[in-house]
Every structure is written in C-alpha cells, then in structure tokens.
Amino acid sequence: MKTLSHRTLLAACVTVACVAAAPRADAGVLAPSNATYVKECGACHSAFSPQLLPAASWHRVMGHLDDHFGDSAKLDPATQSAIEGYLAANAADHADNSASRAIMDSIRPGQVPARITEVPYIASLHAAVLDPRWNGRPHPKTLTECGVCHRRAAEGDFAAKTFSVNDEAFRGK
Amino acid sequence: MTASRALARLVLGATLAATGALAAAVDDLLQQFHAQGGHDFTVAAGEKLWQQDFKDAKSGESRRCALCHTNDLRATGKHAVTGKAIKPMAPSVNPERLADAAKVEKWLERNCKWTLGRSCTPQEKGDVLTMIRSR
C-alpha cells in the first residue's frame, strides 16, 4: 500500500499529541550506567534504559538468552546474573520518573511484557511506526535503535524537544 | 628522547602487545579445537563455510556468515535484524579481533546457532578461525 490509511495517520497524530502532552517535570529515564550491561547487550542493539521495563520483564528476558527473539545471546552464568541483577534493581517499578510511572500504569496486573514495545504505553506511542503499513521515514526494521529517532536516547532523554522525526516522516514521504 | 620518538616506541610496543595477544589466543583455541577432534585447519575450508548458505528451519530464510559480516572481512558489517554496525572481522584492520579467546568462543557459539541452526563442530570452528586470522 502506497499511502497510509486514515487509521495509521490518526495513530501518528495521536502519537505526536501524546509526546507533546507528556509531563516533563523530571529529567527522563536513567541512562544505562553498568559497563558490563552496555558492553554485552549494546553489542547488538541499543543498551536500553533499565527503567523502560518492570523487573519481572527483565527476569523474563534474561532467563531466555538462548532464544533472544530468535537469536542466541547466551552469556556465561556470572555475566548473565550480574546483568540481570543490575536491570532488575533499576527497573521501572523502582523508578521515580514520569515515563516509568506511565509504563507501570499501562501494564495490566499479572502482565509481563516480553519486550519494551509490548509495554502498552510505549506501544501506543509508537503505533504508527509499529504498523506493518508504515512506509514513512525513518523506516527501522525493528525498534531496537532508539537513537535513530530519539537523538538523546543514550542519555535517557526521550522528550519531545529532542525527538527528531519531523512531519514529513509522519506523512509517509 | 624526543616526544615523537617516545610516541613511536609506545605505538610499536602497543602493536607488538596486541599482535602477541592475538597469536596466543588463536593458537590456544586452535590447539583446543584440535584436541576436540579437528585437524588440518585451512583458509580454503573456512572461506567455504563463510559463504555457505544454511536454511533456517523456523523462518525458511537463507542465512550465512557473510549476511551480517559481508564477503569482505575488512569491511564494516551490519546486524541482519537490528541493523547495528559490526566492526570489521579482519585483524589486519581491527586489531581487537581474535585477541580475547573467551570473546571468540562466545560469538562462535551464538553465531553458529543463528546461522547454522546448531553449534559448530571443532573442525568448522578451527577452519573459520584460521580463515579470519589470515585476513
């Protein structure tokens, strides 16, 4: 399909509105600081802030490294447990920032998102880009590279003013 | 000693140290693969494995080493799923490669699983390591 459907466009507009309306009273999510985590996980994808998922999700991810979304990300047990400990101790449920609170509020009781884009709050913000009919730019194959759109993602800053996707991208040009 | 001469010595020393680490790590690994049943490792066999297509049982897609690392080991590769850049594999342009035996084993295990759908045999690991070292 060449053009985006009304529904997708609506989703894109809602996305922009949500980002613009998101409270920014605090500094954003914690930038990943654990050297082992950044080195091991950052080798293949952005080293995501631990504050983007609840501890239960990090335990789930780190407990299945043999099949990490179709790839083997196997680590030696000591490294795995060190990274799992760091992620769980700094997870969204222990965080005091507006994004982590919104993440936790959006998750149903008992729900354990398997990945960041399964968090309802984050999925809704990225609905347009996650839609298989998305043909705008940027056109990431997966949403593992936050910095492609969020220029200051590495510092944990996902605020609207540092968000570099412009209107043209959302029009699907 | 002038500053530039001191710098030259420092660079030479660091290069020698890096080369030494590479040689030691690779020799240890090859010896290990030999003890596990591999023998007569060759660049040609490693090259053949590098280019060989393997069909993924789940997705049906064709996979090979070069898909992410490219045919030219001196070039920068790209992760097939995430798109993240992968530094060149050839030690001649990236001295960090093959310098750490544990790192080599970790990535051989992971990437054989993804590409071949199984762990590589000691023979395959020895051949591909011999080929990478020659680049």
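Worth pointing out:
- Shielding of B:102-108 by partner chains, average beta-carbon count, 10 Å: 2
- Label-point separation in nm, residue A:94 to residue B:61, each point 7 Å along Cα→Cβ: 3.6 nm
- Rg in Å to one decimal, and Dmax rounded to a whole Å, for the range A:41-173 via C-alpha atoms: 15.4, 48
- Computed from the C-beta positions of residue B:92 and residue B:40 and an R0 of 25 Å, the FRET efficiency is 0.60 to the nearest 0.05.
- Annotation: for a label point projected 7 angstrom from Cα along Cα→Cβ of residue A:82, residues of the range A:30-70 with backbone N closer than 11 Å are A:35-40.
- Cross-link reach is defined here as a Cα-Cα straight distance under 22 Å, omitting same-chain residues fewer than 8 places apart; for residue A:74 the lysines meeting it are A:39, B:55, B:58, B:78, B:84, B:87, B:103, B:106, B:113, B:125.
- Counting neighbouring Cβ atoms within 10 Å and putting the fewest first, the residues B:134, A:46 line up as B:134, A:46.
- Counting neighbouring beta carbons within 10 Å and listing from fewest to most, the residues B:30, A:53, A:125 come out as B:30, A:125, A:53.
- Loop-located chymotrypsin sites (Phe, Trp or Tyr not before Pro) in the range B:50-135, at most 10 other Cβ atoms within 10 Å (DSSP): none
Any read-out appearing in this document is the output of simple, stated calculations on the displayed coordinates, not a laboratory observation. Just so it is clear, the model here is predicted, and its values are computed rather than measured. Cβ sites come from the backbone with ideal geometry, for glycine too, and all protein chains shown count toward neighbours.
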